[in-house]
1. Conditions first: (1) buried (at least 18 other Cβ atoms within 10 Å of the Cβ); (2) of a type outside the set (Ser, Thr, Tyr); (3) at pLDDT 95 or above. Trp23 passes all but one, so which condition is the exception?
2. Could you please let me know if Ala66 is at pLDDT 95 or above, of a type in the set (A, V, I, L, M) and surrounded by fewer than 18 Cβ atoms within 10 Å (Cβ to Cβ)?
3. With the range 79-142 as the region, which helices (runs of 4 or more DSSP H) entirely inside it contain at least 3 residues that are surrounded by 19 or more Cβ atoms within 10 Å (Cβ to Cβ) and of a type in the set (A, V, I, L, M, F, W, C)?
4. When you go through (1) surrounded by fewer than 14 Cβ atoms within 10 Å (Cβ to Cβ); (2) in contact with a Lys or Arg (Cβ under 8 Å, 6 or more places away or on another chain) one by one for Asp37, which number turns out not to apply?
5. For the range 49-78, enumerate the residues that are part of a strand (DSSP E or B) and in contact with a Ser or Thr (Cβ under 6 Å, 6 or more places away or on another chain).
6. Collect the residues in the range 26-44 that are touching a Ser or Thr at 6+ places or on another chain (Cβ under 6 Å) and either of a type in the set (Ser, Thr, Tyr) or within 14 Å of Val97 (Cα to Cα) (or both), keeping them in residue-number order.
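The values are calculated or read from the model by the stated rules, or taken from the named source; none is laboratory data. Fair warning: this is a prediction, and the values are worked out from it, not measured in the lab. Cβ coordinates were reconstructed from backbone atoms using ideal geometry, including for glycine residues, and neighbour counts include every protein chain displayed.
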Amino acid sequence: MDGHRNAWLMKIDDLERAEVEHWDGVRNHEAKNLMKDQMKVGDPVLFYHSNCKVPGVSGIAKINKAGYPDFTAFDHRHPYYDPKSSEEKPTWYMVDVKFVSKFPNFVPLKILQNLANSSLEPPDYLVPEDVKSIKEMALINRGRLSVQPVSYRAFEAVKKLGESGFRNDIEDLKSPKLSSSNKKRQNCEAKGKSSPSIEKQETTKSKRVKKSKK
């Protein structure tokens, strides 16, 4: 990963099918400021599915267009309309996100949480610094924010989990809870077809949903 770039986790649905998508409807100032001031074209993103039984990270995207005014706030017919925002003085911003690849192994949030709290022994390919970076992720500590910065180390650690898998580690531990989460990961992948890592308030990415992102 280029040293000058930021990395992110974003809660996004439908991205694989859409390929490139506006990430509009964010109505949280902290998340808005990240998109407006810090996200750059080419920044890598972990895309995260939250609207499913087993939430988790399913792949990688990248910022395709840097922050620009969220035009949905100007349209009184749109569910994300904000009468206080105008084209002359926009309050809200959005970015465009482009799908890059899907992990061969879905990475459930529960796995990341259990690695962070030491209730799951990490696989051999994760070094202590990787586990420490996962523990420090905003996703673990501030899960409801829909856009979150991610350290390079954490980005690479989650990527390793997604590319290398963890089924054998879970089965060796014989943990019913973890095994169940792993078996149910298809629920999230299925949802992903109907449902990046900046970490933000969960909301479906469909513009038909009337709940604002935070």
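1. Of the numbered conditions (1) buried (at least 18 other Cβ atoms within 10 Å of the Cβ); (2) of a type outside the set (Ser, Thr, Tyr); (3) at pLDDT 95 or above, the odd one out for Trp23 is (3).
2. Details: at pLDDT 95 or above: yes; of a type in the set (A, V, I, L, M): yes; surrounded by fewer than 18 Cβ atoms within 10 Å (Cβ to Cβ): yes.
Answer is yes for this residue.
3. Numbers: elements: 109-116, 128-135, 138-141.
Fully inside the range 79-142 and qualifying: 109-116.
4. Failed condition: (2).
5. His49, Gly59, Ile60
6. none
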